[in-house]
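Below: the structure, in structure tokens.
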Amino acid sequence: MKSPLLSLPGAVPAEGVDEGVAAHYGDLFREQRALADGTGFVDLSHRGVVTVTGEDRLSWLHLLLTQHVSDLPAGQAAEALILSAHGHIEHALYLVDDGATVWAHVEPGTQEALLAYLESMKFFYRVEVADRTAEFAVVHLPAGSIAEVPEGVVARETAYGRDLFLPRADLESYAEKTGPAAGLLAYEALRVEQHRPRLGFETDHRTIPHELGWIGTAVHLQKGCYRGQETVARVQNLGKPPRRLVFLHLDGSDVHLPVHGTEIHLADEGPDGRRIGFITTSARHHELGPVALALVKRNVPVDARLVAGDTAAAQETVVEP
């Protein structure tokens, strides 16, 4: 779904899974600084929007999600995952309940598969699920923003800012009042700085929550059964995950950033050495320079010098070995 905000001056379209919104509006670092200062907004209208209504909505979701939501207070934001039977991450939901409806935004294009799964699990519960992507657009206001939240608009407030579920028909008029617009590259650079994982970027077909530090933020360890819980409990109580998320400072002399999937090796072994991980997201940060998130094998020493493709990298620990 193509955003009307791509008609704003300087807008350069994003590509891949983020197609449909602006990557930037002509000045990446200015846009980042604006978000860091709590001004402007980010158009996330390409993300899927799903709602759950009905009096059993919270107790029902509690059975399916990794998060404790049976008593979720109205207005309180939550992150949650849906896992496979083997504990691998399949969906990530960013949700809030407004007292009558649970609103969630999800990765672009994943809402159809999510709804199919939710529909298959309804059984006798008094719930209704719906894809509201065509009606509502997600808009992000950064932390510290004093921008107005229109009356009646559901907002999901976190330490990183507020996500608004804005009627899609109001997107252009809201942008005129709330600018300046910041592109997705600025938003992603701050996400990398904050070590926040993203489904489909920091995850692959075998990722488990422990590897990304999603325990505690998206996975509650003291709740009842859900699909994949056995893996979560086993790793928590008996072992360690096979991989761990790290934050990388990249050599700033390289013109190009290593792309998603770029292999990581130990610097002492060079690019022909054994593969010990891969880049998940890279970005140019307005203060830190080129940075990245990466998944590496758990036993990689925390002080090891790394190389991503041909780019030297120094790591910071996100998930402890």
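The values are calculated or read from the model by the stated rules, or taken from the named source; none is laboratory data. A quick note: this is a predicted structure, and the numbers were derived from the prediction, not measured. Quick reminder, even Gly has a Cβ in these numbers, built from the backbone with ideal geometry, and neighbours come from all protein chains shown. Surface accessibility is based on the protein's heavy atoms, side chains included, excluding ligands, DNA and RNA. Shrake-Rupley method; radii C 1.70, N 1.55, O 1.52, S 1.80 Å.
Go ahead and run the numbers for FRET between Ala312 and Gln194, Cβ-Cβ distance against an R0 of 25 Å, rounding to 0.05. My answer for the efficiency is 0.60.
Each label was represented as a point 7 Å from its Cα along the Cα-to-Cβ direction; for Lys240 and Ser7 these points are 5.6 nm apart. Using a Gaussian network model of the chain in which every pair of alpha carbons under 10 angstrom is joined by a spring, one finds that among Phe201, Phe41, Phe123 the greatest mean-square fluctuation is at Phe123. Accessible surface calculations at 1.4 Å, restricted to protein heavy atoms, place the chain at 44 Å² per residue.
When a/c is below 1.5 the answer is rounded, else prolate if a/b is larger than b/c, else oblate, so apply that to the stretch 37-181 with a ≥ b ≥ c taken from the square roots of the Cα gyration tensor eigenvalues. Note, shape of the stretch 37-181 comes out prolate. Here, the stretch 212-321 has an Rg and a Dmax of 15.8, 50 Å when only alpha carbons are counted. Estimate the FRET efficiency between Glu148 and Leu221 by the formula 1/(1 + (r/R0)^6), using the beta-carbon distance for r and 35 Å for R0, to the nearest 0.05. For Glu148 and Leu221, the calculated efficiency is 0.35.
So how much slack lies between Glu230 and Asp170, counting 0.36 nm per residue of separation and subtracting their Cα-Cα distance, in nm? Working shown, then result.
Numbers: separation 60, 0.36 × 60 = 21.60 nm, distance 4.42 nm.
That pair, Glu230 and Asp170, stretches by 17.2 nm at full extension.
Diffusion coefficient of the stretch 140-286 by Stokes-Einstein, Kirkwood radius over Cα pairs, 10 °C, 1.306 mPa s: 85 µm²/s.
Take every Cα pair under 8 Å in the stretch 17-159 that's 6+ residues apart, average their separations, divide by the length, and report that relative contact order as a whole percent. Show your work: numbers first, answer last.
Numbers: 244 pairs, mean separation 49.4, N = 143.
Averaging sequence separation for qualifying contacts and normalising by length gives 35 percent for the stretch 17-159.
Each of Val255 and Thr158 was given a label point 7 Å from its Cα along the Cα-to-Cβ line. The distance between the two points is 3.6 nm. Divide the volume of the convex hull around the Cα atoms of the chain by the residue count and you get 128 Å³ per residue.
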